[in-house]
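Take a look at the structure set out below.
The values are calculated or read from the model by the stated rules, or taken from the named source; none is laboratory data. In this text the structure is predicted, and so the values were computed from the model without any measurement. In this analysis, Cβ positions are derived from the backbone assuming ideal geometry, glycine residues included, and neighbour counts consider all displayed protein chains.
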Amino acid sequence: MSTIRYRFIAPAPMLAQRRPAAPPARGELVACHECDLLQRLQPFSGDSVQRCARCRALLLRYRVDGAQRSLAWALTGVMLFLITNAFPIVTLELQGIRNNSTLAGTVLSLWHEGLPIVAGVVAITTICVPGIMLAAMLYLLLPLNRGVLPAGSIGLLRALAAMRPWGMVEVFLLGVLVALVKLTHFASVIPGTALWSLGALVIALAAMSASFHADEVWRRIGIQPLKP
Amino acid sequence: MTAAHYRLANCHSCGLLSRLEGDGAHCPRCGAHLHLRKPASIARTWAYLIAAMILYIPANALPIMITGSILGEQRDTILSGVVFLWSSGSWPLALLVFFASIMVPMLKMIALTLLLISVQCRSRWQPLQRLKLYRLVEFVGRWSMLDIYVVAILAALVQIQSLATVTAGPGAVAFAAVVVLTMLSAMSFDPRLIWDPLNDATPEPATPEPATPEPREPRASPDALPR
């Protein structure tokens, strides 16, 4: 089997207008990714949400300003992510003794207790994946909003899709709240700066993912299999 | 009409629809391997699911959290943690943890077993309901991680010498593994398999319905398709 090489096709006319990728062509053929029904997309201009005729799975979601929105949320997210990692989440006070914990401190204490696997899972789902996702989004969206497709977009888009289910900041936030309620029975707890920024980070990450449509970026990557 | 009927495959990575020719075909846009269905979907889903079922036993039997204080050492499993929350009066929290840590993993494993068996029997029963069940399993899976995070924070925070110390127990390892394995199991299941028996059973219409597209020109630009 011959290998196919690819090259990017810069969407030149669109660059001048500084617009996101053009909406898909009229009547484009798509297959539902959940039930495999073959169907044509409805023609549209402007924002559009299209669902499968048989199973109502999302076929296409298109927003004219999707890339700008997700960039704004990604920038917000980066700042909140840095604050969340720099400050303590909670401070515990019991008989004059104070003890606080940061996000990294949580991981480290699990590590020292001899549970490296659990420490790894917590580190990956709350620090690594959100951090890498934010960095990847900035790398992708900053040039994209100026009409340039950054190098390595294919690998990055794939990595983003693979990472997305493993970022669990919102579950972690709920976990912190449950832990706080458990602790109030025997000690006084003081919510730290990072707890508030964590709450905001959850919103920023959700909004960033919701307004980012990988499909739009994929459309900019032209199809041109080179002849072997 | 399904895409597989015309040997058209959705790229699992970038979503481009292209014609599948021979084995080992690659997506013309992103270079990913093309498959009509996720490869070995049923076997992989079973493998992760059975591993999760086995680990579910130590996850519930072993202590997930060990609390040491002047009064002695207390070993808490997931269920005794819920009971503690309930008896200490915070019943909304007890319900939350009960749902996230006990109900969700168990229902998830039951649901995946049901989906797998129905697919293997080539069942044509309620495909839309089964698809909705799958979507629910995918959506709700991550929330089981809740108890792991609670223990992690408590273990980091409650380290006050001689008064109280909290350490995570071996049950936490098993429970984290159950959550990760059930998530992997749900990811490797291909929901299109639910619909396949239906598609095979419907007789091919003599003339295509107006909604069904012509297989001749699968894209706006035919050049886009790989030869």
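In summary, B:GLY22 fulfils each of the numbered conditions (1) within 8 Å of chain A (Cβ to nearest Cβ); (2) out of contact with any Pro (no Cβ under 8 Å at 6 or more places or on another chain); (3) surrounded by 16 or more Cβ atoms within 10 Å (Cβ to Cβ) with the single exception of condition (3). Has region A:108-115 got any residue that is more than 21 Å from B:VAL178 (Cα to Cα) and surrounded by fewer than 21 Cβ atoms within 10 Å (Cβ to Cβ)? Within region A:108-115, one or more residues are more than 21 Å from B:VAL178 (Cα to Cα) and surrounded by fewer than 21 Cβ atoms within 10 Å (Cβ to Cβ). Out of curiosity, is A:LEU160 within 13 Å of chain B (Cβ to nearest Cβ) and in contact with a helix residue (DSSP H, G or I) (Cβ under 6 Å, 6 or more places away or on another chain)? Yes. Within region B:141-171, restricting attention to residues that are assigned to a helix (DSSP H, G or I) and of a type in the set (Val, Ile, Thr), the residue that is surrounded by the most Cβ atoms within 10 Å (Cβ to Cβ) is B:VAL151.
Of the strands (runs of 3 or more DSSP E) lying entirely inside region A:9-51, those containing at least 2 residues that are modelled with pLDDT of 85 or more and not small (Gly, Ala, Ser) are A:38-40, A:48-51.
Among the numbered conditions (1) more than 13 Å from chain A (Cβ to nearest Cβ); (2) farther than 29 Å from A:ARG158 by Cα; (3) in contact (Cβ under 8 Å) with a residue 60 or more places away in the chain, the only one that B:LYS108 does not meet is (2).
Among the conditions (1) facing chain B (nearest Cβ under 8 Å); (2) on the phi > 0 side of the Ramachandran plot, A:VAL107 misses just one, which is (2). Looking at (1) under 30 Å from A:VAL181 (Cα atoms); (2) at pLDDT 85 or above; (3) not β-branched (Val, Ile, Thr), which is the only condition A:GLN95 fails? With respect to (1) under 30 Å from A:VAL181 (Cα atoms); (2) at pLDDT 85 or above; (3) not β-branched (Val, Ile, Thr), A:GLN95 is out only on (2).
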